[in-house]
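The values are calculated or read from the model by the stated rules, or taken from the named source; none is laboratory data. Model, not experiment: these values are computed from the prediction. Cβ coordinates were reconstructed from backbone atoms using ideal geometry, including for glycine residues, and neighbour counts include every protein chain displayed. SASA here: full protein model, heavy atoms, side chains in, ligands and nucleic acids out. Shrake-Rupley method; radii C 1.70, N 1.55, O 1.52, S 1.80 Å.
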Amino acid sequence: MKFLGKLVLTVLLVCVLVIVLGYVLLQTQWAAGWLSRWVSANSDYRLTVGKINHDWSAPSSLTLQHVRLARANQPEMLNAEEVNLGLSWQQVSQPGHIDRLTLRNGSLNLSHPNAGLPVQANLLQLSNMRLVAGIDRLSVTAQQVDAGIAPWRPAPGRVLGNDAEFQLSAGEMTINDMPATQVLVQGRIQQNRLLLNNVGADFARGQLTANASRDADGSWNINNLRLSNIRLQSPHPLATFRQDFDALPKITLQRLDLIDARLQGPDWAFNDLDVTLQNMTFDHGDWQSDDGSIAFNASDLINGSLHVTDPIVDLAFDQQGMTIKQLSTRWQNGLLRTTGHWSRADRQLQLDELVVAALEYTLPGDWQALWMQPLPAWLSGVSVSKLTANRNLIIDVSPDFPFQLTALDGTGNDLVLARDHQWGIWGGKLTLNASDATFNKIDVRRPSLSLTADADQIAVTELSAFTQAGLLESTATLSQQPQRTFSVTLNGRAVPLALVQNWGWPTVPASGDGTFQVQLQGQLAAGTPLKTGLNGQLTATDAQGQQITQQMINGTVTGAAPAPATPAAAPLPQNLTPPAP
């Protein structure tokens, strides 16, 4: 019995010695190297471990130092100064399932499609890590990351798994090329849905807070998004932002607040911008809403040559369309103000009242080409129930036929300014008058115009102006058909006869003041030279009582010898082509 007892004691001592030696050997560089070689030889992973440590104060934990891990022939996934493994009895049946996995002071790259650590954990913790990952279709790069994910069961294409709670903070983070600092994100993955319960960050020198969710189909529901004091400078034109916005998946915004923002890019800027948006859904450039609204104001909005100041906009949305509750802005030193409604069914914009006051506006050099361009698909027509214009200055510096209207006033009723995506005067009544005007270097006073328009024609019922000592009066009609057939009658009494030549009649063999009448017929069809097909007659009497009669046939004048050219201004060029209506 004594021998048997000694044998058992010896065996126990040997076992204890083996365990002690194994424990000591485990924490040597040789054991770390052996473990690295064994994993690399028996799996698709390449592992490097600098040292293995264990502390009896935490008997269920094992610490690996200077750990590097990668799949064969792929970029490195993990490079950490320390990896702590919290072990449990579950390792007996599931060696790859760890109770707690902590990664410290390094980088974790899960951006590769086949990336993924070959373990699972009830809790994954990151401490001062650099993270590169694709999280639910979002490209994420972050520095100084502290995070916790419970449980962590990654799946192909899903770094966070299919059901987990997470919390993450980062000193710096970039999501889909958008940088932010001091980031905090709390949420969970649930049934392939991403729930962001709390998001906060310093973004573009301002602050961002949000609460949102993303469904399995990729659509977003943003319950609340608040951006304060944003100062954003972008190298991209506004067209790029519109393209990116149209490419976004379906987004439902319950509430968006943009407060005191300053946004700037090449040839565009928004200063002191405040926006509140509620209950709107955007889907690849289109919108839907049952009870939505957008309200914004700013000190300046600049887009290319367009510069408006102090805009105030209040819009309401429903399934039928958009209501303009308030729209006012200062533009070209003047004021624009309107209310109205846009209908989704027929894409018609109906303005209840349009006020244009105190503008000082020089028409762009290509304004006729802009007038000819069709309206976008979302805008089929524009109507104005009441137009009011006060004290406006309109200037055209075109060398063909410059003009200026000073102190221009006007009223209009039931005007149709666009039809079938084309600008024009397609209906209504319009009256305009000014204190002074210049037409191709001919000064006139108190010009006045009245017209009515319908689907068939535009009728100028009264057009008059005073010269230095005389009076000009005219009437005209213009067909609304594509041929744009027109007729004009112009009468002058005690007026300079040369003004007829300045306004387009080829030659006038008389000078000084006199009386005249011009009757002219032709077509203004788009793409057709103006003087081709012009027919008319000029009858004039000069101050000496000499009568002059000239006929115009297809743009050529007969009946009198040409007089010397008047140097005051050039007549209309022979090849002038009128714009479309």
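Among the candidates Ser343, Ser385, Ser380, single out the residue that is at pLDDT 95 or above, among the hydroxyl-bearing types (Ser, Thr, Tyr), under 23 Å from the mean Cα position of the chain (by Cα) and over 20 Å from Asp291 (Cα atoms).
The conditions single out Ser380.
Does region 393-413 hold any residues that are in a strand (DSSP E or B) and among the charged types (D, E, K, R), and which are they?
Asp396, Asp409
Of the residues Leu463, Leu478, Leu449, only one is in a strand (DSSP E or B) and touching a residue at least 24 places away in the same chain (Cβ under 8 Å); which?
After ruling out the rest, the residue left standing is Leu478.
Go through region 352-373 and report how many residues are surrounded by fewer than 13 Cβ atoms within 10 Å (Cβ to Cβ) and touching a Phe, Trp or Tyr at 6+ places or on another chain (Cβ under 9 Å).
1
Count, please, the residues in region 420-446 that happen to be closer than 17 Å to Arg391 by Cβ, assigned to a strand (DSSP E or B) and of a type in the set (Gly, Ala, Ser).
Residues meeting the conditions: 1.
Does region 301-308 contain at least one residue that is more than 23 Å from Leu225 (Cβ to Cβ), touching a helix residue (DSSP H, G or I) at 6+ places or on another chain (Cβ under 9 Å), open to solvent by 50 Å² or more (accessible area, probe 1.4 Å) and touching a residue at least 40 places away in the same chain (Cβ under 8 Å)?
Looking for residues that are more than 23 Å from Leu225 (Cβ to Cβ), touching a helix residue (DSSP H, G or I) at 6+ places or on another chain (Cβ under 9 Å), open to solvent by 50 Å² or more (accessible area, probe 1.4 Å) and touching a residue at least 40 places away in the same chain (Cβ under 8 Å), one finds at least one in region 301-308, hence yes.
Residue-by-condition table, conditions (1) hydrophobic (A, V, I, L, M, F, W, C); (2) within 24 Å of Ile230 (Cα to Cα):
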residue: Thr281; (1), (2): no, yes
residue: Asp290; (1), (2): no, no
residue: Ser293; (1), (2): no, yes
residue: Phe317; (1), (2): yes, no
residue: Ile324; (1), (2): yes, no
residue: Val356; (1), (2): yes, no
residue: Glu360; (1), (2): no, no
residue: Val382; (1), (2): yes, no
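Of everything in region 455-483, what is hydroxyl-bearing (Ser, Thr, Tyr) and out of contact with any helix residue (DSSP H, G or I) (no Cβ under 9 Å at 6 or more places or on another chain)? Give them in sequence order.
Thr461, Ser464, Ser474, Thr475, Thr477, Ser479 - these are the residues of region 455-483 that are hydroxyl-bearing (Ser, Thr, Tyr) and out of contact with any helix residue (DSSP H, G or I) (no Cβ under 9 Å at 6 or more places or on another chain).
Which condition breaks for Leu258 when tested against (1) farther than 30 Å from Arg193 by Cα; (2) at pLDDT 90 or above; (3) of a type outside the set (Phe, Trp, Tyr)?
Looking at each condition in turn, Leu258 falls short on (1).
Please verify whether Gln288 is over 29 Å from Leu363 (Cα atoms), surrounded by fewer than 14 Cβ atoms within 10 Å (Cβ to Cβ) and modelled with pLDDT under 95, treating the condition exactly as stated.
no
For the condition surrounded by 14 or more Cβ atoms within 10 Å (Cβ to Cβ) and in contact with a Phe, Trp or Tyr (Cβ under 6 Å, 6 or more places away or on another chain), what is the one hit in Leu349, Leu387?
Leu349
Just checking, which of Leu208, Leu232 is surrounded by 18 or more Cβ atoms within 10 Å (Cβ to Cβ) and either out of contact with any Gly (no Cβ under 8 Å at 6 or more places or on another chain) or not in a loop (DSSP other than H, G, I, E, B) (or both)?
Leu208 is the lone residue from the list that is surrounded by 18 or more Cβ atoms within 10 Å (Cβ to Cβ) and either out of contact with any Gly (no Cβ under 8 Å at 6 or more places or on another chain) or not in a loop (DSSP other than H, G, I, E, B) (or both).
Yes or no, residue by residue, for (1) within 24 Å of Asp396 (Cα to Cα); (2) at pLDDT 90 or above; (3) under 47 Å from the mean Cα position of the chain (by Cα):
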| site | (1), (2), (3) |
| --- | --- |
| Trp423 | yes, yes, yes |
| Leu430 | yes, yes, yes |
| Thr438 | yes, yes, yes |
| Pro447 | yes, yes, yes |
| Leu472 | yes, yes, no |
| Thr485 | no, yes, yes |
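Restricting attention to region 333-342, does a residue exist that is touching a Ser or Thr at 6+ places or on another chain (Cβ under 7 Å) and crowded, with 18+ Cβ neighbours inside 10 Å?
Checked region 333-342: no residue is touching a Ser or Thr at 6+ places or on another chain (Cβ under 7 Å) and crowded, with 18+ Cβ neighbours inside 10 Å.
What are the pairs with Cβ atoms under 7 angstrom where one residue, in region 226-240, is under 13 Å from Gln264 (Cα atoms) and free of Cβ contacts under 8 Å to residues at least 24 places away in the same chain and the other, located anywhere, is among the hydrophobic types (A, V, I, L, M, F, W, C) and open to solvent by 50 Å² or more (accessible area, probe 1.4 Å)? Sequence gap at least six, or different chains.
none
Mind checking which residues of region 147-199 are touching a residue at least 24 places away in the same chain (Cβ under 8 Å), more than 22 Å from His97 (Cβ to Cβ) and surrounded by 15 or more Cβ atoms within 10 Å (Cβ to Cβ)?
Leu168, Ser169, Ala170, Glu172, Met173, Thr174, Ile175, Ala180, Val183, Leu194
Of the residues Thr485, Thr489, Thr467, only one is touching a Pro at 6+ places or on another chain (Cβ under 7 Å) and either under 30 Å from Gly545 (Cβ atoms) or among the hydroxyl-bearing types (Ser, Thr, Tyr) (or both); which?
Thr467
Go through the residues of region 378-387 one by one and say whether even a single one is free of Cβ contacts under 8 Å to residues at least 24 places away in the same chain and of a type in the set (D, E, K, R).
Checked region 378-387: no residue is free of Cβ contacts under 8 Å to residues at least 24 places away in the same chain and of a type in the set (D, E, K, R).
State which residue pairs qualify: first residue within 19 Å of Ala150 (Cβ to Cβ) and in contact (Cβ under 8 Å) with a residue 12 or more places away in the chain and inside region 77-89, second residue among the charged types (D, E, K, R) and part of a strand (DSSP E or B) in any location, beta carbons under 6 Å apart, and separation of 6 or more residues or different chains.
Every condition considered, the pairs that remain are Gly86/Asp99; Gly86/Arg100; Ser88/Asp99.
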